[in-house]
Amino acid sequence: MSSDALLRAEGLSASYDGRLVFRGASLSLGPGLYTLQGANGRGKSTFLRLLAGAQLPDSGEAWIAGMSLRDAPRAARRRLGYAPDESHIYPFMTGRDLFRFVANAKGVAPPADPDDFSADLGLGPFLAVRFDAMSLGTQKKVLLRAAFIGSPRVVLLDEPSNGIDAAARRALFEKLCDYAADATILCATHDATMIEETGATALAMSQICLGPSAR
């Protein structure tokens with residue numbers, strides 16, 4: 001494994017109800033922007049959940065900036081940002097509530113209200129709105145902003161450009177390119193335009209896993 005790797009995984013495996021999703025998933029990534037490629041059902045979202053500590057693997061281990069998610073989960077998560085494809089936030093929470101919650105969990109101050117990235121995403125008018133009153137696109141933008149709280153060394157994003165407007169896409173692409181100079185960003189995406197415009201390095205699930213995603 002590379003000595004400068006910020007995101008490492010060795011032998012991760014996952015299954016649901018006895019059905020193997022993938023096994024032996026391993027990677028070692030230094031700073032840069034990377035995208036996971038593969039057809040639906042090949043385990044991209046599951047792989048990100050394992051790397052984020054949102055789901056326990058059947059086997060294997062992952063490290064975030066040198067911290068083991070298994071042995072030092074709190075320290076690892078403080079170095080990590082994660083935005084899933086779908087929002088599972090309490091409906092009564094506002095954007096500001098979520099930012100404060102994430103900041104408190106990481107032991108850092110919440111972002112300014114609004115900060116530059118929130119403003120670039122067009123979130124200013126919506127930070128006091130409850131999640132159940134937000135559009136899906138606004139929910140996605142709140143999750144994206146929250147993923148960068150605390151300046152994480154590793155950022156995991158599941159379909160980050162899904163459902164957001166053109167101005168927010170431009171702001172997101174600029175953020176990804178700038179931030180990846182000193183951090184590792186791994187995205188699962190089907191957005192060919194995003195890959196082309198950001199110059200992301202594509203990683204196929206078949207390169208990472210032994211099977212059945214390697215088929």
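The values are calculated or read from the model by the stated rules, or taken from the named source; none is laboratory data. Because the structure is predicted, anything quoted here is derived from the model rather than measured. Please note: Cβ atoms are built from the backbone with ideal geometry, for glycine as well, and neighbour counts cover all protein chains shown.
Observations on the model:
- Complete set of residues in the stretch 118-169 that are within 15 Å of the chain's Cα centre (by Cα), without any contact (Cβ under 8 Å) to a residue 60 or more places away in the chain and not in a helix (DSSP H, G or I): Ser151, Ser161
- So Ile185, is it among the β-branched types (Val, Ile, Thr), assigned to a loop (DSSP other than H, G, I, E, B) and in contact (Cβ under 8 Å) with a residue 40 or more places away in the chain: no
- The set of residues in the stretch 69-112 being free of Cβ contacts under 8 Å to residues at least 40 places away in the same chain, out of contact with any helix residue (DSSP H, G or I) (no Cβ under 7 Å at 6 or more places or on another chain), part of a loop (DSSP other than H, G, I, E, B) and farther than 24 Å from Ala180 by Cα consists of Arg70, Asp71, Ala72, His88.
- Which listed residue is hydrophobic (A, V, I, L, M, F, W, C), surrounded by fewer than 21 Cβ atoms within 10 Å (Cβ to Cβ) and out of contact with any Lys or Arg (no Cβ under 7 Å at 6 or more places or on another chain), from Ala76, Ala54: Ala54
- The residues of the stretch 142-158 that are surrounded by 18 or more Cβ atoms within 10 Å (Cβ to Cβ) and farther than 20 Å from Leu27 by Cα, listed by number, are Val142, Leu143, Leu144, Arg145, Ala146, Ala147, Phe148, Ile149, Gly150.
- Among the residues of the stretch 170-182, those identified as part of a loop (DSSP other than H, G, I, E, B) and small (Gly, Ala, Ser) are Ala180, Ala181.
- Qualifying residue in the stretch 110-120 (condition: within 18 Å of Arg170 (Cα to Cα) and surrounded by 21 or more Cβ atoms within 10 Å (Cβ to Cβ)): yes
- Selection status of Asp182, at pLDDT 95 or above, surrounded by fewer than 20 Cβ atoms within 10 Å (Cβ to Cβ) and of a type outside the set (Lys, Arg): yes
- Once the stretch 79-94 is narrowed to residues that are in contact with a Phe, Trp or Tyr (Cβ under 6 Å, 6 or more places away or on another chain) and over 21 Å from Ser28 (Cα atoms), the residue that is surrounded by the fewest Cβ atoms within 10 Å (Cβ to Cβ) is Pro91.
- Looking only at residues of the stretch 76-94 that are modelled with pLDDT of 95 or more and small (Gly, Ala, Ser), we find that the one that is nearest to the chain's Cα centre (by Cα) is Ala83.
- The stretch 188-198, subset assigned to a loop (DSSP other than H, G, I, E, B) and not charged (D, E, K, R), residue nearest to the chain's Cα centre (by Cα): Thr189
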